[in-house]
C-alpha cells in the first residue's frame, strides 16, 4: 500500500536540515512519504527517510522571469509527485505556492517570520508585503488550506481586519528543540562575563546594537565580552558588509567565531544570551537553544522574541533599537550571578514545558491533518 506523500517546499536544503528535520521525522512517524523540494547543496544526502528534489532558488531575485520559472518548476514537481499535502516553509516558497494556484493537494503555508518585509523601509517592501498578505488571504479562503505560524502577530498580519477561521490557523512553537541534546552547565566562574549572540549576520538581527551596547559597558570599565557566532548571508538583501564586520572585529571586547556546529560548547562558555532583533522573526531557534542550555536572555520586544522570553522571569525584554535599554539589561545581569542562574533555570523549564520538537511535531501534524479534511 502506498503511503500518503508530504512535500516540503523550502529554499535551501541546509535550512531545512538546521531547522526542520524533526518535522520530517514526525511526518515519517505519521506514515507519510517525505519529499523535500529545495536547492540541493548535499545537506540532506545522509537522510535516508527524505527524498530531495532539486528546485533551484534565487532568494535575492524578484525578477518576473526568475519567479515565473520557479513557479513553473514547482507546478511540474507537484503534478509529477501528486502529494497529499504541500508544506511551504517561509515567505518565498509560500508566495510561489500561492501563485501556482494548485488546488489538488492540501496546502500548509508556514510563515517562519516576515524578515525584510517586516523591517525594510523601502517602498517596494510595503508593496510586496501588501500583495503577499492579499494572496495569502485569498488562498486561505480555499478548502484544505492552513496557515502555520510561530507567533500570533504573523497570523494577525495575514488576517488584517477580517479574522481567519480557527480551522485555518495553527500556532507552532517554532521548530522546537530536543532538550536532551542540550546540557545546562555552569558558566565559567572566572574571567570576563561573556554575552553570546548566535545569528545570521544581517541587519535585522541587531548585531550592531549589541556591539554599541558592549562599547558602552566597556567604557564604564566593565569586564565584558560580546562573542558572536554566525555567518554572512550574501543572498539576503540586508546582509552586513564585510567591511562593517571587520570594523566591529577590531573593537576591544568583540569576538567573532563564525559558524558553529557545537551549540552546547558555545553556550557553556557564555553567561548571557542576546538577540536584539529589529523584527521579522518567527520564533528564533537561537533563543530556544540558548534557553535549553540554561542561559538568561536579553532580547527586544518584537513578535517571536517577546512571545517566548517571559520578561523578568527568564530574561529581560527591551524596546527594539534601544541601545541604552540593552546596556541597562546587560549591566543588571553582569553584576548579579545569582539572577543569571535563576533566569537561566526558568528559561530551560519554559523550553521543556512547551517548546520541544515533540510539541512542534504535534502542531505540524495537526496542520497536515487539517489540510486534508474534506471541505
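Every number in this text was worked out from the coordinates using simple rules, so none of it is lab data. Predicted model only: the values in this text are computed from it and were never measured. Cβ: placed from backbone, ideal geometry, glycine included. Neighbour counts: every protein chain shown.
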Exercise for the section: Specify whether the C-alpha gyration tensor of segment 81-213 places it in the rounded, prolate or oblate class, a ≥ b ≥ c being the square roots of the eigenvalues: rounded for a/c under 1.5, otherwise prolate if a/b is larger than b/c and oblate if not. Expected result: prolate
Problem - Tilt relative to the chain, helix 323-334 - C-alpha long axis, 0 to 90 degrees, to 10 - result: 70 degrees
Handout entry: Rough spin-label spacing in nm, given labels placed 7 Å along Cα→Cβ, for residue 137 and residue 30
Key = 2.8 nm
Fill in the blank from the handout: Looks like segment 179-354, by Cα gyration tensor root eigenvalues a ≥ b ≥ c and the a/c under 1.5 rounded cutoff (else prolate when a/b is bigger than b/c, oblate otherwise), is rounded
Exercise for the section: Pop a pseudo-label 7 angstrom from the Cα along the beta-carbon direction at both residue 166 and residue 208 and give the gap in nm to one decimal. Expected result: 4.4 nm
Exercise for the section: Would you please give the FRET efficiency between residue 126 and residue 301, computed as 1/(1 + (r/R0)^6) with r the Cβ-Cβ distance and R0 = 22 Å, to the nearest 0.05? Expected result: 0.50
Handout entry: Centroid-to-centroid separation of segment 1-37 and segment 274-296 [C-alpha atoms, Å]
Key = 24 Å
Handout entry: For segment 179-354: relative contact order, % (alpha-carbon pairs under 8 angstrom, 6 or more apart)
Key = 25 percent
Problem - Potential extension, residue 352-residue 241 segment - 0.36 nm per residue separation minus Cα distance - result: 36.2 nm
Problem - With Cα atoms, 0 to 90° folded angle of helix 337-354 axis to the chain main axis - result: 10 degrees
Completion exercise
Taking 263-271, 289-297, 66-74 and ranking on average Cβ neighbours within 10 Å, highest first, one gets 289-297, 263-271, 66-74
Problem - Virtual paramagnetic centre 7 Å along Cα→Cβ of residue 156, amide N under 16 Å, in segment 264-306 - result: 279-283, 301-306
Completion exercise
Relative contact order as a percentage, the chain, C-alpha pairs under 8 Å and 6+ apart, gives 18 percent
Completion exercise
By the C-alpha gyration tensor axes a ≥ b ≥ c (rounded if a/c is under 1.5, else prolate when a/b exceeds b/c, else oblate), the shape of segment 200-251 is prolate
Practice task
Measure off 7 Å from each Cα along the Cα-to-Cβ vector at residue 103 and residue 40, then give the distance between these two points in nanometres to one decimal.
Solution key: 3.3 nm
Problem - Nearest-ten-degree value, helix 13-29 long axis tilted from longest Cα axis of the chain - result: 60 degrees
Problem - Additional length obtainable on full extension of the chain from residue 67 to residue 332, 0.36 nm per residue less Cα span - result: 90.5 nm
